[in-house]
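Each remark here refers to the structure printed beneath this line.
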Amino acid sequence: MTTKYTDVNEFPQELRNSFKQNLTKPLNYRKKQLEQLYNLIDENEDEICDALYKDLHKNKIESLLGEIDMIRQECLDSINQLDEWTSPEYVKVSLAHKLNRCHIRKDPVGTVLIIGAWNYPITLVLCPLVGAIAAGCTAIIKPSELPMNSATLLCKLFPKYLDQRSYRCINGGSKEMTELLTYKFNHIFFTGSGVVGKIIMSAACKHLTPVTLELGGKSPAILDDNINITVTAKRLIWSKSFNAGQTCVAPDYVLCTKKIQEALLLEFPKVIENQFGKDVQKSSDYARIINQRHFDRLTNLLDQTKGNVVIGGKTDRDNLFIDPTIVTNVPKDDKLMEDEIFGPILPIVVVESIDEAIEYINEKDTPLSLYPFSNNNDTIKQMPNLPFGGTGASGIGAYHGREDHVTRIATIIST
Ligand code: NAD
């Protein structure tokens, strides 16, 4: 299958004109388009799940949880709460202004460019699009080109549901993006790596365009000595094997004492077998690595680690398969501890104490997420009404839920 890339040149001006003509501002228009976005997902659920299966071997539950239901929910929340979110916010006034009523008005900024990463190819462009539509902006979405079945399907369905005068879907890679980034946008929303995040920010800088950057990082799990081993093992394996560990908020590595490491090693094999059977490669529930470049990146890490590969370790390049793999006694300066792993490999770094774990984390860039395990924790679950975003190297800005709309309507959208 070859993907046809889009000629991007006419889009920005067209969308800017629609915005100038106030096409996207009326609340009824925004609600109608959000309904249409809901329908796009709802009426094509099976086709979307098939595309995700072809691209990433994602099973249906993972596609429903990580993509379809999230988008449906965000559309409904936005439709239901749009009136409240967009109503003027009255503020207290000082004595000198007692005769005035002052309020913050939520105005859309204009045309938004939304660029997605490959690991959740549909969610990562459509959830930010929900915000842009709700805010009254026009928008271009650019799904990652790597999961090509999902990207092609999305760009095929898009014009059937959404008003093309206001919203466009572009298929393209870095060449098309380099061209597109020469245009002035009013906001750029990017999900992806820090390396490309820097390219996006420098391009935005030339037009003083504000950016939201949803990046990655090494998200640690710190394990207390009092944890419930069975529950912790289940949660770590679940989150590290969901989409084969290719999730921005997956626990990247574990910090714990030797005693806990040994106890986990007894639990992990049972959890893996229970979830995927004796031979994980035969399970229809386990995803694959996106492509050979990422497969090679991950297997090189396994070749170079000074830790011990004690569980898993089976790989198959033709099938892009990597077992859920546990590496123990990983030195703090190991190759596995340099960059975000973004795959089903879980290194365990032994520490003497929680203080030592905290000191180690603080020496690194701020992670996107952090999982302290005591006896009441979970991993990778994002509550719909909480804001989501990183700090420093893991990102700038936030989205999702009400707070998302506060940022989108008050930040994407100036007052
Ligand atoms: P990437 O940075 O390689 O690509 C992201 C997007 O940028 C793609 O659409 C790609 O086509 C585009 N792109 C590539 N080169 C470009 C260029 N020169 N100019 C403009 N655009 C360009 O990232 P990826 O490999 O798709 O995603 C993996 C990363 O994304 C991981 O670090 C992961 O943690 C992060 N991520 C973060 C979140 C979050 O919400 N914070 C969610 C998912 C993934």
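None of the figures in this text is laboratory data; all of them are computed from the coordinates on show. Quick caveat, the model's predicted, so the values are computed rather than measured. Positions of Cβ are backbone-derived with ideal geometry, glycine not excepted, and every protein chain shown enters the neighbour counts.
Odds and ends about this structure:
- The distance between label points at R105 and D339 comes to 4.8 nm (points 7 Å beyond Cα on the Cα→Cβ vector).
- About the centre of its Cα atoms, the stretch 281-375 shows a dipole size close to 520 debye [charges on the beta carbon of Lys, Arg (+1) and Asp, Glu (-1) only; nearest 20 debye].
- Gap separating the Cα centres of the stretch 1-64 and the stretch 74-88, nearest whole Å: 19 Å
- Relative to the current alpha-carbon distance between K175 and L208, full extension at 0.36 nm per residue lengthens the span by 9.7 nm.
- Whole-Hz Karplus values for the stretch 89-102 come out as 9, 7, 10, 5, 10, 7, 3, 5, 10, 4, 8, 9, 10, 10 Hz, taken residue by residue from phi with 6.51 cos²θ - 1.76 cosθ + 1.60 and θ = phi - 60°; glycine and proline positions read x.
- Rounded to the nearest 500, the helix-only mean residue ellipticity at 222 nm of the chain stands at -13000 deg cm²/dmol, with each DSSP H run of n ≥ 4 adding -39,500 (n - 2.57).
- Convex hull volume of the chain per residue (C-alpha atoms, cubic angstrom): 159 Å³
- Hits among aspartates and glutamates - C-alpha to C-alpha of K218 under 18 Å, sequence gap 8 or more where chains match: D252, D333, D334, E338, D339, E340, E356, E359, E363, D365, D378
- Unmatched cysteines, the chain - criterion: no other Cβ of a Cys under 4.7 angstrom: C49, C75, C102, C127, C137, C205, C248, C256
- The stretch 207-258 - Rg (one decimal) and Dmax (whole number), Cα, Å: 15.3, 52
- Magnitude of the charge dipole, the chain, Cβ model with Lys/Arg +1 and Asp/Glu -1, debye to 20: 1320 debye
- Taking the Cα centre of the stretch 176-282 as reference, the dipole from Cβ charges on Lys and Arg (+1) and Asp and Glu (-1) amounts to some 20 debye.
- Close amide H pairs (under 5 Å, H built 1.01 Å from N) link T257 with V351, residues at least 5 positions away or on another chain.
- GNM top mover of L346, L124, L95 - the chain, alpha-carbon springs below 10 Å: L95
- Taking label positions 7 Å along the Cα-Cβ direction at both E43 and K92, the computed distance is 5.1 nm, reported to one decimal.
- Set of aspartates and glutamates with alpha-carbon distance to K25 below 17 Å, sequence-local pairs under 8 removed: E14, E35, D83, E84, D107, D163
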